[in-house]
Structure formats: C-alpha cells, structure tokens
Amino acid sequence: MKLKSIQTLLTDTRLVLERFPWVLVSAVISTLSVIILSNQSYEAQKNLWYLSNLSMIGALGIPLFLSLKVCVESHSEDTKIAPFLSLLGFIVLIIYYLVLPEHLKGFDINRYALININTHLLVAVAPFLFLPNAANAFWQYNKALFLRFILSFIYSNTIFIGLVIAIGVTDNLFEFIKFDEKIYMHLWCAVVGIFNTWFFLGGVPKDVRVLDEDQSYPRGLKVFTQFVLIPLVLLYLGILYLYMSKIIMIWELPKGWLSSFIIGVSMFGILTLLLVHPLTDREENAWFRIYRRYFYLALFPLIILMAVAIGRRIMDYGITEQRYFVLAFTVWLFFIASKFTLKPNTNIRSIPLTLMVLIAVATWGPWNAMAVSKRSQMARLKHILVQNGVLK
C-alpha cells in the first residue's frame, strides 16, 4: 500500500511537469536567482541587478504561463496551439526584461506590482473569457484554486518548519556537521518557490466545462463565511459608519488612512460575497441575498466619503500615484456597487474583468498613474512659480 502511494505521488509529479513545464521553469529560474542573490553582500547585489530583474520576470512567468495553459485547455481542442502561446509568453517576458531599468524606482516597482496582480487575476478568468453562461463553473474553478492555495500554504509551512527543526537538531547534536545560517533562507526559497508551486499546480482543474454541473459546496467554507467572515465585515462597516457620523457632527475632513481602510473593507466584503455566491440562489439561504443587496447599498455612503476625501486632497495638492490609485478604485467600486445593486444576478466574472481593465489603464498608455501624476505635479509647480513671480 505504501509503495502504491509513493508511485501515485511520482506519477502526479510527472503529470504536473508535463502539463505545466514552463510554469515550473519560471519558478525554478526565479527561485535560483533569489538564492544566488541572497549569498551576496548588499553592495554586490547592486551590481547583480540582472539577477534581481530575472527573479521578478520568473515570478511573473508563473501566473502568465499558467493562464495561457488553462486558456488553451478550455477553449481549443487543438493542442498544437499551446507551443505558440508559450512562445508568445516568452517573447513578452523577454521584452519586459529588456525594458526594465537596472535599478528600479518608485513607478517601476508599482508597475511591476500592477502587472503581477493582473496576471494573477488572469489565472482566475482565463478559462472563461469566451465561455458564456458559465457562472457556476467559474465559481467552482476558483473555489478549487482557493482551497488548493490554502492546502499548499499549510503543506509548505509544515515541510519548512519540519526541515528547520531537523537542521537545527542536527547542527546541535553533531559537532562535525555545521550548517551555514543562509541555509534557512535557501530552504525557504526552495519550498515556497518550487515545492509550493508544484503542489499547487497539481490541484488546478483541467476540464472547466464539467465544473458547471458541480453543485457541491464545502460545509466548512459555509460555516467559516457565515459565522466568521460576514460578522467581521459587519463589524468593520459599523466602525466606518460610526466614524462617518463623527465626521458629520464635527464637520472635519477624514484622516488620510481612511481610504485605505474603506478599500480593505470593501475588498474583504466582496471576497466574502464571492465565497457564498452559489448559496444566494438556494431557497434555504435567502438571507445571503439580503446580505448581498444591503452590503452594496451600504458601500455608497462610504464611496461618497472616500470620493470627498480624495477629491479634497487632489484639489489642494494635485494628483500623485497613490491618490490616482485611490481615485481609480473609488470609481471602480462605485461601478461594481451600482451594477450589483441594480442587477443582483450580474455574472461575478465582471468583478475581476473590470478590475483587470482598470489596472491595465493605470499601468499603460497616456492615462497611466505615472503620466497623470507627472502632468498634475508639473502643472501645480508651474502655478506656484508663476504665482510667486519666479516664472513668466
């Protein structure tokens, strides 16, 4: 029996490698780059900028190649197209690597973060870009990814902690065996970068069309959402409404961190609604529909509050990248809240899809965050110089 389990494990490992070769190659490249960099001093790392950029490109390749693979599996019966899409992915990554500066600055880091977020969102929607009326399959697919991510996290941390204890015990019991302290960093990179990725890929659904017939819902997830997540969302909304009442009574501008809190609560609440989405159509869970409707209604006063706060700061100090992101999210949140309030049965795919469009606009083109911020601050500087007679 034990031999059969090992054989099954080896078979599953091989199947993951055959199905997602370039995802794993990206994980290995990123992991090895980080390990090599961790062996260098801080000054030496500055001269090895190409390794730092390579680790970033490798990390970006993981969700990118995964998205391309699941997209091909769900939309095309011809597997010959897969190599061409992989080649296209390589070309995109190489071009991005070539345009990355040697030493990343503020917007370079922000842009990379935005691209990374978008590629991860693409993993969630790629199999369903051209599949109409697949709301349940979309939810079941992302449920599988979500649960696999949690399981991967538990496995990876358990293995890492176990190996750390083994290394520590060996280091103390045997005098002739001494491990370099950097081994813990290397071990963490290997477990998180390679094992965690490999294990996660083993749970990615292959035939998403079959998932549309799956009506199962984990009872544990329902209990956790109903008795933990939703009460927390209501608690946070209550705190925000109390603070909003205080602002109205004393008539003062809200604090700067308020927008961050509203964004966090909004995303947390939307995630909670996505987790219970299949239950809203069942008769015995009518209160979930009530919660969904009133949650989006409850967001409107907070959206107005956030719009007033960010609008006032933009009028006083102009647009910066951070204010740009807050303003863009405010617009997106208003759109989502309006859409699901007027049409509660809107396909939930619209949430990640519209967020991807928003991020793409903020990342590229003439309306990206850097370009808009630069124009705003230059105009403000010119106005101040003219006002003080320094510039004519």
Multiply the residue gap between ILE167 and TYR241 by 0.36 nm, knock off their C-alpha separation, and tell me the result in nm, one decimal place. 21.5 nm
Roughly speaking, what is the stretch gain from ASP316 to PHE227, that is 0.36 nm per residue apart minus the C-alpha to C-alpha distance, in nm to one decimal? 27.7 nm
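I want the local charge near ALA137. Using Cβ-Cβ distances under 14 Å, sum +1 for each Lys or Arg and -1 for each Asp or Glu among the other residues. Could the numbers behind the result be given before it?
Numbers: positive: LYS143, LYS206, ARG209, ARG349; negative: GLU73, ASP207, ASP212, GLU213, ASP214.
Result for the local shell: -1.
Provide Rg over Rh for the stretch 108-226; use the alpha carbon set for both Rg and the Kirkwood Rh (inverse mean inverse pair distance).
Working: Rg = 19.8 Å, Rh = 17.5 Å.
Rg divided by Rh gives 1.13.
In the stretch 39-181, how does Rg compare with the Kirkwood Rh, expressed as the Rg/Rh ratio over alpha carbon atoms? Provide the component values of the computation, followed by the final result.
Working: Rg = 20.5 Å, Rh = 18.8 Å.
Using Cα coordinates only, the ratio equals 1.09.
Please report the net charge: other residues with Cβ closer than 15 Å to the Cβ of PHE146, K and R +1, D and E -1.
Values: positive: LYS143, ARG148, LYS222; negative: ASP214.
Local charge sum for PHE146: +2.
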Two-site FRET efficiency, LYS46 against THR11, from Cβ-Cβ distance with R₀ of 56 Å, rounded to 0.05: 0.80
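What does the net charge come to around ARG380 if you take all other residues with beta carbon closer than 14 Å to its beta carbon, with K and R at +1 and D and E at -1?
Numbers: positive: ARG313, ARG323, LYS374, ARG375, LYS382; negative: ASP316.
Summing Lys/Arg as +1 and Asp/Glu as -1 gives +4.
Using the eigenvalues of the Cα gyration tensor, what equivalent ellipsoid semi-axes result for the stretch 235-390 when each is taken as the square root of five times the eigenvalue, whole Å, largest first?
On the way: eigenvalues 242, 83, 19 Å².
Semi-axes, largest first: 35, 20, 10 Å.
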Can you tell me, using C-alpha contacts under 8 Å and at least 6 residues apart, the relative contact order of the stretch 221-338 as a whole percent? 28
Label model pair PHE174, PHE300: point-to-point distance (7 angstrom along the Cα→beta-carbon line) in nm is 7.0
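Using a probe radius of 1.4 Å on heavy atoms only, what accessible surface per residue do you get for the stretch 65-186? Whole Å² is fine. Display every interim value, and only then the final one.
Values: 7280 Å² over 122 residues.
Each residue of the stretch 65-186 exposes 60 Å² on average to a 1.4 Å probe.
Rounded to a whole number, what % of the accessible area of the stretch 64-200 do carbon and sulfur atoms account for, probe 1.4 Å?
Values: 5710 of 7890 Å².
That fraction is 72 percent.
Given the peptides 204-211, 268-275, 92-99, arrange them by the average over their residues of other C-beta atoms within 10 Å, most packed first.
268-275, 204-211, 92-99
Leaving out ligands and nucleic acids, note down the accessible area per residue over the stretch 240-347 with a 1.4 angstrom probe, in whole Å².
Details: 5620 Å² over 108 residues.
So the stretch 240-347 comes to 52 Å² accessible per residue, rounded to a whole number.
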Using the C-alpha gyration tensor of the stretch 1-92, what are the square roots of 5 times its eigenvalues, in whole angstrom, with the largest one first? 30, 22, 7
Does anything in the stretch 297-332 have its amide N under 13 Å from the 7 Å Cα→Cβ label point of ARG375, and if so which residues? 319
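Would you mind getting the Kirkwood hydrodynamic radius of the chain from its Cα pairs, rounded to one decimal in Å?
Values: mean 1/r = 0.0411 Å⁻¹.
Kirkwood radius, the chain: 24.4 Å.
How large is the Rg to Rh ratio of the stretch 95-163 when both quantities use alpha carbon positions and Rh follows Kirkwood?
Working: Rg = 17.4 Å, Rh = 15.2 Å.
Using Cα coordinates only, the ratio equals 1.14.
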Roughly how many whole Å is it from the C-alpha centroid of the stretch 217-256 to that of the stretch 300-316? 19
Taking alpha-carbon centroids only, the stretch 152-183 lies from the stretch 133-149 a number of Å equal to 36
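Hydropathy at least 0.0 by Kyte-Doolittle, axial extent at least 15 angstrom from the Cα trace: which helices of the chain, defined as entire DSSP H runs, fit?
Values: long enough: 2-19 (26 Å, -0.14); 21-38 (26 Å, 2.06); 49-75 (39 Å, 1.01); 81-99 (28 Å, 2.49); 106-125 (29 Å, 0.78); 135-173 (57 Å, 1.00); 230-250 (30 Å, 2.03); 258-275 (26 Å, 2.24); 286-317 (47 Å, 0.85); 321-342 (32 Å, 1.00); 350-363 (19 Å, 2.18); 369-387 (27 Å, 0.06).
Once both thresholds are applied, what remains is 21-38, 49-75, 81-99, 106-125, 135-173, 230-250, 258-275, 286-317, 321-342, 350-363, 369-387.
The values are calculated or read from the model by the stated rules, or taken from the named source; none is laboratory data. No experiment lies behind these values; they were computed from the predicted model shown. In this analysis, Cβ positions are derived from the backbone assuming ideal geometry, glycine residues included, and neighbour counts consider all displayed protein chains. For the accessible areas, the whole protein counts, side chains as well, though only heavy atoms, and no ligand, DNA or RNA atoms are used. Shrake-Rupley method; radii C 1.70, N 1.55, O 1.52, S 1.80 Å.
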